[in-house]
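The values are calculated or read from the model by the stated rules, or taken from the named source; none is laboratory data. This is a predicted model, so every value here is computed, not measured. Heads up, the Cβs are rebuilt from the backbone with ideal geometry, glycines too, and the neighbour counts pull from every protein chain shown. What goes into the accessible areas is simple: the full protein's heavy atoms, side chains included, and nothing from ligands, DNA or RNA. Shrake-Rupley method; radii C 1.70, N 1.55, O 1.52, S 1.80 Å.
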Amino acid sequence: NAGVTQTPKFRILKIGQSMTLQCAQDMNHNYMYWYRQDPGMGLKLIYYSVGAGITDKGEVPNGYNVSRSTTEDFPLRLELAAPSQTSVYFCASSEEEAFFGQGTRLTVV
Amino acid sequence: DAKTTQPTSMDCAEGRAANLPCNHSTISGNEYVYWYRQIHSQGPQYIIHGLKNNETNEMASLIITEDRKSSTLILPHATLRDTAVYYCIVRPRAQKLVFGQGTRLTINP
């Protein structure tokens, strides 16, 4: 039982490049989330999903896209990376209590 | 979701009980009080949650006032490893999870 697994752990992107942050959970949770956390700041909800095929915007969705084709996976897509997207990204899943991944540290240069 | 108010920061001596307050005066009848914490650079960790009764687990106790407008998280014997940002979140059981600014708790030797 691995919990929530995020890949990669670290990534450096150039401005304008695209990438997908992967998130997988093995707890059969319906709810999944993506957050970003800028240095010294709190967590901001980017997108969330209440089940396969259903996604919704959070507090800061601009510049990101998500999909939820299976219960287990919830990838986050950055299409045109910008320096403002430099952050640590956390994925989580929940039913009653939420479990978080270890984070992806992304730098856009 | 109901808004919560927490002190920005608190200090506590190692070995003493740490009492973290949270105000949620607009809480609705179906909203639970959840507590999470984030130790530096790690993903947030679930601590405890409750509806109206006091709750205790191996990590902490949660005291909710009778009118449910405030609560206190109690770490009974704080250690240096409890230094973290603590988040109080009020939400219905099956709802998205949004974080506020939290309380930065520092445990001093």
For residue A:48, are the conditions met, namely being buried (at least 19 other Cβ atoms within 10 Å of the Cβ), more than 14 Å from every other protein chain (Cβ to nearest Cβ) and within 12 Å of the chain's Cα centre (by Cα)? no
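Within the stretch A:88-109, how many residues turn out to be in a strand (DSSP E or B), closer than 20 Å to residue A:17 by Cα and not hydroxyl-bearing (Ser, Thr, Tyr)?
Pass one, the stretch A:88-109, residues in a strand (DSSP E or B): A:88-94, A:98-100, A:104-108.
Cutting the leftovers down to closer than 20 Å to residue A:17 by Cα gives us A:88-89, A:104-108.
Subset that is not hydroxyl-bearing (Ser, Thr, Tyr): A:88, A:105-106, A:108.
Going through the stretch A:88-109 one residue at a time, the tally reaches 4.
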Is it true that residue A:66 is more than 9 Å from chain B (Cβ to nearest Cβ) and in contact with a helix residue (DSSP H, G or I) (Cβ under 6 Å, 6 or more places away or on another chain)? no
For the stretch B:64-96, how many residues meet the condition of being farther than 17 Å from residue B:18 by Cβ and of a type in the set (Ser, Thr, Tyr)? 1
Hits in the stretch A:80-94 (condition: farther than 12 Å from residue A:46 by Cβ, more than 8 Å from chain B (Cβ to nearest Cβ) and in contact with a Phe, Trp or Tyr (Cβ under 8 Å, 6 or more places away or on another chain)): A:93
Considering the stretch B:1-46 alone, what residues qualify as being surrounded by fewer than 18 Cβ atoms within 10 Å (Cβ to Cβ) and among the hydrophobic types (A, V, I, L, M, F, W, C)? B:2, B:10, B:13, B:17, B:39
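For the stretch A:1-66, give me every one of the strands (runs of 3 or more DSSP E) that falls completely inside it and has 1 or more residues that are in contact with an Asp or Glu (Cβ under 9 Å, 6 or more places away or on another chain).
A:4-7, A:19-25, A:31-37, A:43-51, A:64-66
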Output the number of the condition that residue A:78 fails; it satisfies all remaining conditions of (1) open to solvent by less than 10 Å² (accessible area, probe 1.4 Å); (2) modelled with pLDDT under 95. (2)
Consider residue A:24 against the criteria (1) open to solvent by 10 Å² or more (accessible area, probe 1.4 Å); (2) hydrophobic (A, V, I, L, M, F, W, C); (3) in contact (Cβ under 8 Å) with a residue 24 or more places away in the chain; (4) within 14 Å of another protein chain (Cβ to nearest Cβ): it satisfies all of them except one. Which criterion is unmet? (4)
With the structure loaded, tell me whether residue A:64 is touching a Ser or Thr at 6+ places or on another chain (Cβ under 7 Å), among the aromatic types (Phe, Trp, Tyr), at pLDDT 95 or above and more than 18 Å from residue B:86 (Cα to Cα) or whether it fails that test. no
If you check B:30, B:53, B:108, which single one turns out to be more than 14 Å from the chain's Cα centre (by Cα) and modelled with pLDDT of 95 or more? B:108
Give the residue that is nearest to the other protein chains (Cβ to nearest Cβ), with candidates limited to residues of the stretch B:10-34 that are part of a strand (DSSP E or B) and among the charged types (D, E, K, R). B:31
Identify all residues within the stretch B:67-109 that are open to solvent by less than 10 Å² (accessible area, probe 1.4 Å) and polar (S, T, N, Q); write none if there are none. B:71, B:103
Counting only residues that are polar (S, T, N, Q), in a strand (DSSP E or B) and without any contact (Cβ under 8 Å) to a residue 60 or more places away in the chain, the stretch B:35-90 contains a total of 6
